[in-house]
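Report on the following structure.
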Amino acid sequence: MSTVDLHIHSSVSDGVYTPAEVVGKAARAGMTVIALADHDNVDGIAEALKAAEKTPGLKVIPGVEISTDVPDGEVHMLGYFIDYTHPELLSALAVMRDSRQTRARKMIDKLAVLGFPVDWQRVRELAGDGTIGRPHIARALLEKGYIATIQEAFTRFLAWGGPAYVGRDKMPPEEAISLIVGAGGLPVLAHPLTSNNTESLVAGLKESGLAGLEAYYKNYSAGEISALVSLADKYGLIATGGT
């Protein structure tokens, strides 16, 4: 029986462990297939693949998670089996990362106005060499004692529509699908329940080349998973899963 996780982040984006450490931990946990899918960044893939060469029995799929926007919020698109050296993909991801830094600064400015100041330099330290994201701001808020949990940072401040939320430069999910397919990859809709009308979104993206949707996700109930698996079957999509 295979043990698979197709949605893992490393310190290259908003994860805690380096790509090599991720591979080592996955191997020790008995995993057989993982996908490294960092937010808007593929810089960790080469390191992960090299580490996997020394880890018999574990396959690492090169991936990415691209942040996109729809009218009612954010949608994230996973890309699997990508050519992580593809010039067009790399160029688009570089733009996304620059946007993330500008966005993070604006969110910190909003938090200061709200009476919850955090230090920009500390957020950069928490991100390390990786892409700065909302989880790093959340960790800075936690360190300051403003919140009790990381999730509270999103619920109170950083989630879409929250008082400190700032949108990114817009990329529609159809464009992300095109980038992934252009890089030889398979596009999969990540944690689909972030949309207010999941089926309508899935139906439209299927026409654009969507190959799968992430039905198995860490916070989903058994009922939600069952409904998403049925939705995947209805539209001829692969049901994937990851933490």
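The values are calculated or read from the model by the stated rules, or taken from the named source; none is laboratory data. Computed from a predicted model, the values in this text were never measured in an experiment. Counting neighbours? That spans all protein chains shown, and the Cβs are built from the backbone with ideal geometry, glycine included. Note: areas computed on protein heavy atoms with side chains; ligands, DNA, RNA excluded. Shrake-Rupley method; radii C 1.70, N 1.55, O 1.52, S 1.80 Å.
Annotations for the structure displayed:
- Using Cβ point charges alone (K and R +1, D and E -1), the dipole size of the stretch 67-185 about the Cα centre works out to roughly 540 debye.
- Residues whose placed amide H lies under 5 Å from that of D69, excluding near-sequence neighbours: V75, M171
- Student exercise, the stretch 28-105 dipole from Lys, Arg, Asp, Glu Cβ charges, in Debye to nearest 20: 380 debye
- Cβ-defined net charge surrounding A104, 14 Å radius [Lys, Arg +1; Asp, Glu -1]: +4
- With all protein chains in place and a 1.4 Å probe, the accessible surface of the chain carries 53 percent carbon and sulfur.
- Amide hydrogen neighbours beyond the local backbone of A35, cut-off 5 Å, H modeled: D5, L6, H7, I8, I61
- Under the Karplus curve 6.51 cos²θ - 1.76 cosθ + 1.60, θ = phi - 60°, whole-Hz ³J(HN,Hα) for the stretch 98-109, x wherever Gly or Pro sits: 4, 4, 4, 5, 4, 4, 4, 4, 5, 5, 5, 4
- Karplus 3J(HN,Hα) series, Hz, for the stretch 135-144 with 6.51 cos²θ - 1.76 cosθ + 1.60 (x for Gly, Pro): x, 6, 5, 4, 5, 5, 5, 5, 4, 6
- A 1.4 Å probe run over the protein chains yields, for the stretch 1-122, 45 Å² of accessible area per residue, whole-number rounding.
- Diffusion coefficient of the stretch 43-93 by Stokes-Einstein, Kirkwood radius over Cα pairs, 37 °C, 0.692 mPa s: 259 µm²/s.
- Residue-averaged [θ]222 nm for the chain, counting only DSSP H segments that reach four residues, each worth -39500 (n - 2.57): -13000 deg cm²/dmol
- Each other residue within a Cβ distance under 9 Å of D38 adds +1 if Lys or Arg and -1 if Asp or Glu, for a net charge of -4.
- For the stretch 181-243, relative contact order (Cα pairs under 8 Å, six or more residues apart, normalised by length) works out to 34 percent.
- Taking the chain as the region of interest, the number of lysine pairs whose Cα atoms are within less than 15 Å, with members eight or more places apart or on different chains, is 5.
- Share, in percent, of DSSP beta bridges within the stretch 1-131 that are antiparallel, nearest 5: 50 percent
- Rg followed by Dmax, in Å, when the chain is reduced to its Cα trace: 17.7, 53
- Listed residues A140, V229, G128: farthest to the positive end of the dipole of the chain (Cβ charges): A140
- Beta bridges assigned by DSSP with both partners in the chain are antiparallel in approximately 45 percent of cases.
- The stretch 190-243: proportion of alpha-carbon pairs further apart than 13 angstrom, %: 52 percent
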